[in-house]
Amino acid sequence: MRLVVQRVRQASVSVSQATIGQIGAGCLVLIGIHRQDRPEQTTRLSRKLADLRIFEDADGKMNHSLLETRKELLLVSQFTLYGNCMNGRRPDFFEAAPASHALPIYEKFSKEIKEILGTIQEGKFGAQMEVSLINDGPVTLILEG
């Protein structure tokens, strides 16, 4: 499982020109599921995300987490995080899990992060989405597990 975590001032996701998820300050998280990922991996990664200290304290150090600050989270599925661009000019996606395997893992991760943070916004799994954001910092980190 791969998470691309972007600290944002605001972010939104739309499907068919309709906004389905929107946040103010917090994190936009793109999640990719690998074909060998298992549901039991989600618990450690959801806790890691909630506790990741990426928000600045009064001294400008990254000392505060999503959980501590109560900032918002927008979760968007993105199988292209497992795109392989090493050969040729077109990426292949052989490492990305097929939707039938990825969806239950995505749903479990989403449920767990909601239980930790209370509420989140989400994109639509498997849909063609438009994501907008104002990156803060910019701060972009990758979590794998």
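The values are calculated or read from the model by the stated rules, or taken from the named source; none is laboratory data. This is a predicted model, so every value here is computed, not measured. Note that each Cβ is placed from the backbone with ideal geometry, even for glycine, and that neighbours are counted across all protein chains shown. To get the accessible areas, we keep the full protein, side chains included, count just its heavy atoms, and leave off ligands, DNA and RNA. Shrake-Rupley method; radii C 1.70, N 1.55, O 1.52, S 1.80 Å.
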Fill in the blank from the handout: The extension gain from ARG47 to VAL15, computed as 0.36 nm times the residue separation minus the Cα-Cα distance, is 8.7 nm
Practice task
Please get the size of the charge dipole for the chain, origin at its Cα centre, with Cβ charges of +1 on Lys and Arg and -1 on Asp and Glu, quoted in debye to the nearest 20.
Solution key: 200
Practice task
Would you compute, from DSSP H runs of 4+ residues alone, the mean residue ellipticity of the chain at 222 nm, taking -39500 (n - 2.57) per run and dividing by the full residue count, rounded to the nearest 500?
Solution key: -7000 deg cm²/dmol
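Would you work out what percent of the accessible area of region 1-142, with all protein chains in place, is carbon or sulfur (probe 1.4 Å)? It would help to have the intermediate numbers written out before the result.
Numbers: 3940 of 8150 Å².
Percent of accessible area from carbon and sulfur atoms in region 1-142: 48.
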Practice task
Just read off the accessible area of ILE134 with the full protein assembly in place, 1.4 Å probe, to the nearest 10 Å².
Solution key: 80
Exercise for the section: May I ask for the net charge around SER100, where only other residues with Cβ less than 14 Å from the Cβ of SER100 are counted and Lys, Arg are +1 while Asp, Glu are -1? Expected result: -1
Handout entry: Calculated Rg and Dmax of the chain using C-alpha coordinates, Å
Key = 15.1, 48
Practice task
Express the relative contact order of region 58-145 as a whole percentage, based on alpha carbon pairs under 8 Å and six or more residues apart in sequence.
Solution key: 32
Exercise for the section: Report the chymotrypsin sites (Phe, Trp or Tyr not before Pro) located in region 92-145 that are in a DSSP loop and have at most 11 other Cβ atoms inside 10 Å of their Cβ, or state none. Expected result: PHE94
